[in-house]
Amino acid sequence: MKALQRPLVRTLLSRLKDSIPTLQIVVGPRQVGKTTAVRQVQERWSGPSHYASADLPSPPDAPWIVTQWQVARQAAMGRRKSLLILDEIQKIPRWGEVVKALYDEDRHSGAHVRAILLGSSSLHVQHGAQESLAGRFELHFFSHWTWPECRKAFHWSLDQWVYFGGYPGAAPLIRSPARWSQYISESLIESVLSRDILQMAPVQKPALLRQLFMLAMRAPSRILAFNKMLGQLQDAGNTTTLAHYLNLLGSAFLVSGLHQWTGGVLRARASIPKLVVWNNGLITALTGQDFLSSRRASADWGWLVENAVGAYLLNQLPKNSVHYWRQGDAEVDYIVERGKEILALEVKSGRTRYTQGLAIFKRHYPNAKTLIIGSGGVPLETFFSSPPLSWF
């Protein structure tokens, strides 16, 4: 089957042909097709190109970048533009400084190298870029697959996308649930935890980080205080450690803790987080409940649908623009900020709950736009087929 071409392919080709040779940096989760996309860019590139990946058992060091860059420079002799693609760049210590030196040398000498750098850890890639490459790069986020993409590529129903989550590499395995779950658990989750987090960041309590991840898988779209989390975890820790580990899980596109929206007032760092898993496939692969059983369990399915809405917002919107709201028993599932505009979203997904949150929020913030998703509101199919900002 021919690989689906995602919109970023056209964007990258356009930027690479621009007269300004900015570095194109692509970040996104593992196993969503970043490498496939840049290979499609490479196929459509009219000049010479060179691809290399740092995702090796023993990560290379800085001279590796220099070597790959020299290959691209040799191919760009004369007036030809050469394309260089470096995958999993965050694996290399101090990569930003090395790339900066090489990029500046090219600008001074007139070399015609165009570079795409890819990474699976937002925290490490963006830190390296912002620390060393100011004014030299454009950042692109490569999201998990949307339902329209999975429908087009795999003929999935919406319910299948809500359950399986849309990892393209795992899609052919859904007819064998045990095999699909094993693939997600071992090839994806374990790779991210061990290689993208534990090898890349100082984690003093690896067991605690893993327990926190598993807790989030059991409590998608729940609001949980850090102190309450500590009561459910075996390894000793404190709230500061948990907040740091949750940030690491978010940087690897596994789980994020949404902050409570407080009317534009600066949110406290101790804000009680709402746990949103970036892809529902992570949840269902670890629960042991098959697709049909999950669909019949209305309460569990309701949590999955609500988490799918939150994950869709995280994947499609700028960082730190998605929150939740709660006052007493009143709660709004998601709050989206766009400048001074506010959009409040309530998900009607089948689980029993207090239902006056949106009306109470509207009384407090009459200028806010509101949206009900699901029963009695915008159909789920319509919401997941529309850009979130189109609802403003």
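Give me the extension gain from K205 to Q232: residue separation times 0.36 nm, minus the current Cα-Cα distance, reported in nm with one decimal. Before the final figure, lay out the partial values.
Numbers: separation 27, 0.36 × 27 = 9.72 nm, distance 1.57 nm.
Working it through step by step, the gained length comes to 8.1 nm.
Averaging the Cα positions of each part gives two centres, and for region 217-260 and region 60-115 these lie 38 Å apart. Relative to the longest principal axis of the Cα atoms of the chain, helix 7-16 runs at roughly 30 degrees. Computed 3J(HN,Hα) for region 82-97, one whole-Hz value per residue from the Karplus formula 6.51 cos²θ - 1.76 cosθ + 1.60 where θ = phi - 60°, is 10, 9, 10, 10, 10, 9, 6, 4, 5, 5, 9, x, 6, 4, x, 5, glycine and proline marked x. Mean sequence separation of contacting Cα pairs (under 8 Å, at least six apart), scaled by the length of region 1-94, corresponds to a relative contact order of 30 percent. Rounded to the nearest 10 degrees, the inclination of helix 62-75 to the longest alpha-carbon principal axis of the chain is 60 degrees. Dipole of region 126-205 computed with +1 at Lys/Arg Cβ and -1 at Asp/Glu Cβ about the Cα centre; of Y167, H140, A201, farthest Cα towards the positive end is Y167. Residues in region 331-343 carry Karplus couplings, in order, of 8, 10, 4, 9, 10, 10, 9, 9, x, 8, 8, 10, 10 Hz; the curve used is 6.51 cos²θ - 1.76 cosθ + 1.60 with θ = phi - 60°, and Gly or Pro positions show x.
Computed over the chain with a Gaussian network model linking Cα atoms closer than 10 Å, the most mobile of M77, M214, M200 is M77. Each Lys and Arg Cβ is given +1 and each Asp and Glu Cβ -1; about its Cα centre, the chain then shows a dipole of about 600 debye.
From its DSSP helices (H runs of at least four residues, each -39,500 (n - 2.57)), the chain gives a residue-normalised ellipticity at 222 nm of -12000 deg cm²/dmol. Compared with the direct C-alpha span, the chain from F392 to S187 gains 70.0 nm at full extension, assuming 0.36 nm per residue. For the chain, the longest principal axis of the C-alpha atoms and the axis of helix 298-316 are separated by about 30°. The value of relative contact order for region 297-392, using C-alpha pairs under 8 Å at least six residues apart, is 26 percent.
Projecting label points 7 angstrom from Cα along Cα→Cβ for A243 and L13 puts them 4.6 nm apart. The trypsin sites (Lys or Arg not before Pro) of region 170-236 meeting both criteria, a DSSP state outside H, G, I, E and B (loop) and at most 10 other C-beta atoms within 10 angstrom of the site's C-beta, are R175. FRET efficiency for the R326 to S109 pair, using the beta carbon distance and R₀ = 51 Å, is estimated at 0.35.
Applying 1/(1 + (r/R0)^6) with R0 = 35 Å to the Cβ-Cβ distance of S46 and A134 gives a FRET efficiency near 0.70. A 1.4 Å probe run over the protein chains yields, for region 157-279, 44 Å² of accessible area per residue, whole-number rounding.
For the chain, the relative contact order works out to 13 percent when only alpha carbon pairs closer than 8 Å and six or more residues apart are counted. Residues whose amide H comes within less than 5 Å of that of F137, counting only those at least five positions distant or on another chain, are L23 (H built at 1.01 Å from N in the peptide plane). The share of accessible area on region 222-291 that comes from carbon and sulfur is 52 percent, using a 1.4 angstrom probe.
How big is D, in µm² s⁻¹, for the chain by Stokes-Einstein at 37 °C and 0.692 mPa s if Rh is the Kirkwood radius over C-alpha pairs?
After rounding, the answer is 147 µm²/s.
For S221, the residues whose amide H sits under 5 Å from its own are L275, V276, V277, ignoring neighbours fewer than 5 places away on the same chain, with H placed 1.01 Å from N. For the chain, the antiparallel share of DSSP beta bridges with both residues in that region comes to about 35%.
The values are calculated or read from the model by the stated rules, or taken from the named source; none is laboratory data. Only a predicted model underlies this, so the values are computations on that prediction, with no experimental measurement involved. Every residue, glycine as well, gets a Cβ built from its backbone with ideal geometry; the counts of neighbours run over all protein chains shown. To get the accessible areas, we keep the full protein, side chains included, count just its heavy atoms, and leave off ligands, DNA and RNA. Shrake-Rupley method; radii C 1.70, N 1.55, O 1.52, S 1.80 Å.
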